[in-house]
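To start, the structure under review is shown below, and the notes come after it.
The values are calculated or read from the model by the stated rules, or taken from the named source; none is laboratory data. Here the structure is a predicted model, which is why all the values come from computation and not from measurement. Note that we place each Cβ from the backbone using ideal geometry, even for glycine, and neighbour counts take in every protein chain shown.
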Amino acid sequence: MTEAATDVAGLLLVHRRELEALVRSESGSILNYEEVSDVVQGIHERALSRAGSFSFRGPEAALGWLRTLARSYLQDRREHWNALKRRPAALLRLTLGDDDTTPGTPQPASTQTGPATFAERREALVQAVRALDLLLPRDREIVLLAMEGLTPEEIGARLGLATESAARARLRALERLRKAWQLLGERR
């Protein structure tokens with residue numbers, strides 16, 4: 001093993017292909033929503049953020065540390081997608097709705113069913129979740145609170161904001177979500 005592989009950045013370079021193989025074999029449904037390269041990039045980010053806790057104790061131990069970290073990241077992504085799949089309609093309503101749409105107001109339901117409709121809905125959900133992931137952490141938190149149906153007063157109480165500030169922050173976060181949604185739609 002080279003000296004470069006004794007630090008986390010070097011370890012990631014040396015074992016990139018092994019990480020890609022691990023992601024392909026153990027990610028399951030995550031790859032329906034994310035690309036292998038994006039998942040590996042997330043693993044790299046997590047590994048670099050935890051480099052302070054890493055100490056090289058040999059090639060096998062280093063690879064074991066990296067695999068454990070990758071599996072932990074995959075589990076976090078599974079939980080992320082599962083949480084969003086539980087309330088996809090709320091996220092899509094926020095993405096597609098008007099500024100004054102309240103989370104409890106349903107959009108007109110489609111009367112169509114079938115594989116094409118389900119595929120279209122799945123693509124819309126993937127696009128909405130990717131748009132949500134593009135938001136800054138504060139905006140993402142506000143959107144998730146709005147998805148839960150919290151009022152501006154309740155959002156303000158959770159975030160330590162006045163009601164008016166929370167209402168403005170909610171409107172800005174939802175507008176940023178919609179802009180990210182539109183940008184992602186234009187890329188197709």
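Structure summary
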read-out	value
Where a residue in the stretch 131-158 is acidic (Asp, Glu) and its partner, wherever it lies, is assigned to a helix (DSSP H, G or I) and surrounded by fewer than 18 Cβ atoms within 10 Å (Cβ to Cβ), with Cβ under 7 Å and at least six apart	Glu153/Thr163
Residues of the stretch 41-62 satisfying the condition of being within 14 Å of the chain's Cα centre (by Cα) and among the aliphatic types (A, V, I, L, M)	Ile43
Out of Glu175, Glu123, sole residue that is out of contact with any His (no Cβ under 7 Å at 6 or more places or on another chain), at pLDDT 90 or above and assigned to a helix (DSSP H, G or I)	Glu175
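The rows are residues; the columns are (1) in contact with a Ser or Thr (Cβ under 6 Å, 6 or more places away or on another chain); (2) of a type in the set (Lys, Arg); (3) buried (at least 19 other Cβ atoms within 10 Å of the Cβ).
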| position | (1), (2), (3) |
| --- | --- |
| Arg122 | no, yes, no |
| Asp133 | no, no, no |
| Asp139 | no, no, yes |
| Ala146 | no, no, yes |
| Pro152 | yes, no, yes |
| Thr163 | no, no, no |
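Here's the yes/no breakdown for (1) in contact (Cβ under 8 Å) with a residue 12 or more places away in the chain; (2) under 30 Å from Leu125 (Cα atoms); (3) not in a helix (DSSP H, G or I):
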site: Leu11; (1), (2), (3): yes, no, no
site: Leu19; (1), (2), (3): yes, yes, no
site: Val23; (1), (2), (3): yes, yes, no
site: Ser29; (1), (2), (3): yes, yes, no
site: Val39; (1), (2), (3): yes, yes, no
site: Ile43; (1), (2), (3): yes, yes, no
site: Ala47; (1), (2), (3): yes, yes, no
site: Phe56; (1), (2), (3): yes, no, yes
site: Thr68; (1), (2), (3): no, yes, no
